[in-house]
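The values are calculated or read from the model by the stated rules, or taken from the named source; none is laboratory data. Keep in mind it's a predicted model, so treat the numbers as computed, not measured. Here the Cβ positions follow ideal geometry from the backbone for every residue, glycine too, while neighbour counts run over all protein chains shown.
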């Protein structure tokens, strides 16, 4: 078999004697003699006449079979992972209310903030809808409470957990939860509530106080979703409250709209295909790609990666 230099090799530092190389596909970092580097850079390597460190270079991805299309392998592997039913974890974001007690200028939901909250029936319907999604391979369910400000609806969260835990324990499925809040509503009563949640889940309840709410990349998977306060479904928490971004409802499930198909497809543009950092971001957040004009959603650069890794080499 013939082997050649990986497209995803990035040179960090080069001297007369050594070259430091990082491979963004495998995540490997190596220090290589200059003559070996020149050999793999400029020549095809036959496995009958192996170069020095051949096995290490191959196993770490610095050289690869000549006929291997690395981009296609990454793209197809990720698509299989997105659509696969073999994933044993179900991750869901629930927004019990769109109301908030702050008016933060940076908030991505500021234009969709409304005094809308789920009633008791909707909360139970949401729980029942999630239970219907539990296929035989599901071993864990993780719920994230989002907003608005979810603590404005903490009685609904408590109702959900009481009902949901009773049902899910019978199925021998692990249950965990996370809650995002701005702390203004975190008074003594809510502290008692969080102690209640800790006992309810039989594990420490993870509390996070954040100013920036990151993208939930797990929602890219077909089976994961976001639920709004009236039972509407979304693929991203940034879209809650936007009618055009709804992908279904708990009453009937997914509607398989064109928007949902675009979100799941997320085929990279030409600049992504050519980018040596594609294995790290896989084309970026699909929600941002659809929402931001001109697909200007790159959040990492080769300069940034090189700076971090060179700092690591120095330290």
Next item on the list: Please enumerate the residues belonging to the range 52-69 that are in contact with a helix residue (DSSP H, G or I) (Cβ under 8 Å, 6 or more places away or on another chain) and crowded, with 16+ Cβ neighbours inside 10 Å.
Entry: 53, 57, 62, 63, 64
Check: What number of residues within the range 1-18 satisfy the criterion of being under 28 Å from residue 72 (Cα atoms) and touching a strand residue (DSSP E or B) at 6+ places or on another chain (Cβ under 8 Å)?
Finding: 11
Next item on the list: Hand me the list of helices (runs of 4 or more DSSP H) wholly inside the range 49-162 holding 2 or more residues that are closer than 28 Å to residue 267 by Cα, without any contact (Cβ under 8 Å) to a residue 24 or more places away in the chain and within 21 Å of the chain's Cα centre (by Cα).
Entry: 70-83
Notebook entry, point to check: Within the group 233, 277, 290, 282, which residue is touching a residue at least 12 places away in the same chain (Cβ under 8 Å), more than 26 Å from residue 99 (Cβ to Cβ) and in contact with a strand residue (DSSP E or B) (Cβ under 9 Å, 6 or more places away or on another chain)?
Noted result: 277
Notebook entry, point to check: In the range 38-48, which residue that is in a helix (DSSP H, G or I) and surrounded by fewer than 13 Cβ atoms within 10 Å (Cβ to Cβ) is modelled with the highest pLDDT?
Noted result: 38
Notebook entry, point to check: Out of (1) at pLDDT below 85; (2) more than 21 Å from residue 176 (Cα to Cα), the odd one out for residue 63 is which?
Noted result: (1)
